[in-house]
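Asks: Have a look at this one.
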Amino acid sequence: MGPITLFDKSFLQSLTVDEAVWFDHYFTPNICPIFFVETLADLAKRNLRDGRTPEHEVAIIAEKTPEVSSYVCAYHSQLCFGNLLGHPVPFTGQIPMPGAQPVRLNGQTGLSFPCAPEIEAMSRWQAGKFQEVEHIVAGEWRKTVSELDLKEMASAMRALGVNGKTCKSLEQAAQIARGIVESTNKPFDQMQLLFHFTQIGLEHAPQVLERWKIAGYHPLAQHAPYAAYVLTVELFFQIALAASLISSDRPSNRVDISYLFYLPFCDVFTSTDRLHKKCAPLFLRGDQDFVWGDDLKTDLRRTNAHWAATLTEAQREAGLNTIPHAPVGHEGSMIAKLWDHHSPGWRQRLKQPASQMPPEMEKQLLDRLKTMRDAAPVTLTAEERNQTEFAHTTIKRSIHPRKGSWWQIPKNMPCPDD
């Protein structure tokens, strides 16, 4: 598996379908909720180029969406709420996935993740099938974004003394935001801001505040690190608006900045959005990379051309899984550089001979996987709910056999009708 990579809609739109297939092959894409919301909102677009319908526009994006190696990330608001209640949120590049169902097999407890509803929706959209409620939601969301008054937000912050004189750079805006969140002053004001920005329902306030009280009212950054991080990004945006470092004339900036809430859950963030290019590096860890989307697209185009010229038709029909999950070694390869940084040792592993599993062992493994897949959900005990490791995990996927010019799975593999 390649580096865990967060991407935005602008990057995926820049790719051809074939390039998107190789992005899925060489990386582990993190599909965050903001991407789905932005894609769905295109159903309410008007005056599209080339006479396209909104449905066609969404179907094009859906066709490019990674589905073989990707994982859907949980919504940041839900993660904040869980973090406030004591559930840890990783800052190590791992993707926190929603929808886990506990199962028990041969006395061992495991987790089963059904196919994410967002991925199922993307599959429908790719086929041009849309539900009426999706059109309604798309229209409401696009209306909400278009009516966002960023100038009013900026004015409110200026009233607090934040302006171009007190904050002269995006770096300084980030420092001010961190200072506010890490401060031990006015902790209840911090919590109130967090509830407002993340839209956590006020009905949950007593539960959250009670746990905070029991913990001794520790600073938010210590009490709930991910919730504090989200608040920091939000305050940074508000401060940058007030200081005219981010334009208040584009309501879409509010949506674009939301991708930064998911930076802890990746090794690489790639985008062709200039706001991301300026702001994302301010919140990345030292072991993360921001990659300009056009640069990665160039490398994916080279990769596609290489394999198109190298593989026979029979090799193509055997499916992409027969192609090494390691970069093509052309000089200056962006993909290779990212693998060197985030998947060290891949060059040595590539030199090792591939091992072949005996047929009887392969059959046993497939039988076990089917049993795990079909295991019924169970209710865990209080002790089991607190455990951090499970005996097994299964993730169900919906994959199109062929995408663009490439077979994602063997051509002759039997597939269900749906």
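Read-outs throughout are calculated quantities, based only on the coordinates presented, and are distinct from any laboratory measurement. Treat the numbers as computed from the prediction; the structure is a model and nothing was measured. Cβ sites come from the backbone with ideal geometry, for glycine too, and all protein chains shown count toward neighbours.
Asks: Could you work out Rg/(2.2 N^0.38 Å) for the chain, with Rg from alpha carbons only?
Replies: In units of the 2.2 N^0.38 Å rule of thumb, it is 1.06.
Asks: Can you give me the P(r) profile for segment 1-107? Cα pairs, bins 10 angstrom wide beginning at 0, each as a whole percent.
Replies: Spelled out bin by bin, segment 1-107 gives 13, 37, 30, 16, 4, 1 percent.
Asks: Mind listing the phi-derived Karplus ³J(HN,Hα) values for segment 9-22, rounded to whole Hz, using 6.51, -1.76 and 1.60 with θ = phi - 60°, and x for any glycine or proline?
Replies: 5, 4, 5, 5, 5, 6, 8, 7, 4, 5, 5, 5, 4, 6
Asks: Another one. With only Lys, Arg, Asp and Glu charged, each at its Cβ (+1 for the first two, -1 for the last two), find how big the charge dipole of the chain is about the Cα centre; round to the nearest 20 debye.
Replies: Result for the chain is approximately 540 debye, rounded to the nearest 20.
Asks: What ranking of 115, 73 emerges when the number of other C-beta atoms within 10 Å of each C-beta is taken as an exposure proxy, fewest first?
Replies: 115, 73
Asks: Fully extended, how many nm does the chain gain between residue 369 and residue 333 (0.36 nm per residue separation, minus their Cα-Cα distance)?
Replies: Contour length minus the Cα-Cα distance gives 9.3 nm.
Asks: Additional query: With point charges of +1 on the Cβ of Lys and Arg and -1 on the Cβ of Asp and Glu, referenced to the Cα centre of the chain, which listed residue (36, 391, 296) lies farthest in the positive direction of the dipole?
Replies: So the residue furthest toward the plus end is 296.
Asks: Which of 262, 226 has the fewest other C-beta atoms within 10 Å, and how do the rest follow up to the most? Could the numbers behind the result be given before it?
Replies: Working: 262 25, 226 22.
The fewest-first ordering by Cβ neighbours comes to 226, 262.
Asks: Projecting each Cα onto the charge dipole of segment 149-250 (Lys/Arg +1, Asp/Glu -1 at the beta carbon, about the Cα centre), which of 198, 172, 228 comes out farthest on the positive side?
Replies: Checked the options; the winner is 172.
Asks: Rounded to the nearest 20 Debye, what is the dipole magnitude of segment 38-121 about its Cα centre when Lys and Arg each give +1 and Asp and Glu each give -1 at the C-beta?
Replies: My answer is approximately 180 debye.
Asks: What lysines sit close enough to residue 186 to cross-link, taking a C-alpha to C-alpha distance under 20 Å and skipping anything fewer than 8 places away on the same chain?
Replies: Partners found: 213.
Asks: Assuming R0 = 45 Å, can you tell me the calculated FRET efficiency for the pair residue 310 and residue 78, based on Cβ-Cβ distance, to the nearest 0.05?
Replies: 0.55
Asks: Can you tell me which aspartates and glutamates have their Cα less than 16 Å from the Cα of residue 277? Leave out same-chain residues fewer than eight positions away.
Replies: The reachable aspartates and glutamates, counting only those whose Cα sits under 16 Å from residue 277, are 8, 171, 256, 267, 289, 294, 295.
Asks: Compute a Gaussian network model of the chain, connecting alpha carbons closer than 10 Å, and tell me which residue from 240, 100, 280 fluctuates the most.
Replies: 100
Asks: Just want to confirm a number: the relative contact order over segment 233-324, from Cα pairs under 8 angstrom separated by 6+ residues, in percent.
Replies: It rounds to 20 percent for segment 233-324.
Asks: For residue 115, what is the net charge nearby, where nearby means another residue's Cβ is under 9 Å from its Cβ and Lys, Arg count +1, Asp, Glu -1?
Replies: Net local charge, residue 115 excluded: +1.
Asks: Can I ask one more? Pull up the cross-link candidates among the lysines for residue 351, meaning alpha carbon to alpha carbon under 19 Å and not fewer than 8 places away within one chain.
Replies: Result set, ordered by chain and number: 337.
Asks: Say the cut-off is 23 Å between C-alpha atoms; which of 9/370; 45/297; 363/396; 64/278; 45/403 go over it? Present the calculation step by step, with values, prior to reporting the outcome.
Replies: On the way: 9/370 35 Å; 45/297 26 Å; 363/396 19 Å; 64/278 26 Å; 45/403 26 Å.
Pairs exceeding the cut-off: 9/370; 45/297; 64/278; 45/403.
Asks: Of 75, 229, how do they rank once you tally other Cβ atoms within 10 Å and put the fewest first?
Replies: Taking fewest neighbouring Cβ atoms as first place, the list is 75, 229.
Asks: Taking only C-alpha pairs under 8 Å that are 6+ residues apart, what is the relative contact order of segment 149-250 in percent? Display every interim value, and only then the final one.
Replies: On the way: 94 pairs, mean separation 56.6, N = 102.
So the answer I get is 56 percent.
Asks: Sum up the charges of everything whose Cβ sits under 11 Å from the Cβ of residue 128, counting Lys and Arg as +1 and Asp and Glu as -1, but leave residue 128 out.
Replies: Overall, the nearby charge balance is 0.
Asks: Run the dipole for segment 307-352 about the Cα centre, Lys and Arg Cβ at +1, Asp and Glu Cβ at -1, nothing else charged, and hand back the magnitude in debye, nearest 20.
Replies: 220 debye
Asks: Using a Förster radius of 51 Å, what is the FRET efficiency between residue 277 and residue 106 based on their Cβ-Cβ separation? Nearest 0.05, please.
Replies: After rounding to 0.05, the efficiency reads 0.50.
Asks: At a threshold of 8 angstrom on Cα-Cα distance, excluding pairs fewer than six apart, so keeping six or more, what relative contact order does the chain reach in percent?
Replies: Value for the chain: 27 percent.
Asks: Could you check which residue among 381, 322, 270 shows the biggest mean-square fluctuation in a GNM of the chain with a 10 Å Cα cutoff?
Replies: Of 381, 322, 270, the Gaussian network model singles out 381 as fluctuating most.
Asks: Another question, if that's okay. Taking the Cα atoms only, what angle lies between the long axis of helix 150-159 and the longest principal axis of the chain, rounded to 10 degrees?
Replies: 40 degrees
Asks: Ok, one more. Which net charge results for the neighbourhood of residue 289, defined as the other residues with beta-carbon distances under 14 angstrom from its beta-carbon, given Lys and Arg at +1 and Asp and Glu at -1? Each step should come with its number before you reach the end.
Replies: Values: positive: 277, 285, 337; negative: 267, 287, 295, 299, 340.
Once positives and negatives cancel, what remains is -2.
Asks: Taking R0 as 25 Å, what's the FRET efficiency between residue 405 and residue 1 from their Cβ-Cβ distance, rounded to 0.05?
Replies: Numbers: r = 23 Å, r/R0 = 0.92.
Plugging the Cβ-Cβ distance into 1/(1 + (r/R0)^6) gives 0.60.
Asks: Quick query: amide H of residue 394 versus all other amide H atoms, modeled in the peptide plane; which residues come in under 5 Å with a sequence gap of 5 or more or a different chain?
Replies: Result for residue 394 returns 111, 112, 113.
Asks: Of the residues 325, 218, 342, which exhibits the maximal mean-square fluctuation in a Gaussian network model of the chain defined by a 10 Å Cα contact cut-off?
Replies: 218
Asks: Any idea what Rg and Dmax come out to for segment 149-250 if you just take the C-alpha atoms, in Å?
Replies: For segment 149-250, the Cα radius of gyration and maximum Cα-Cα distance read 14.4, 44 Å.
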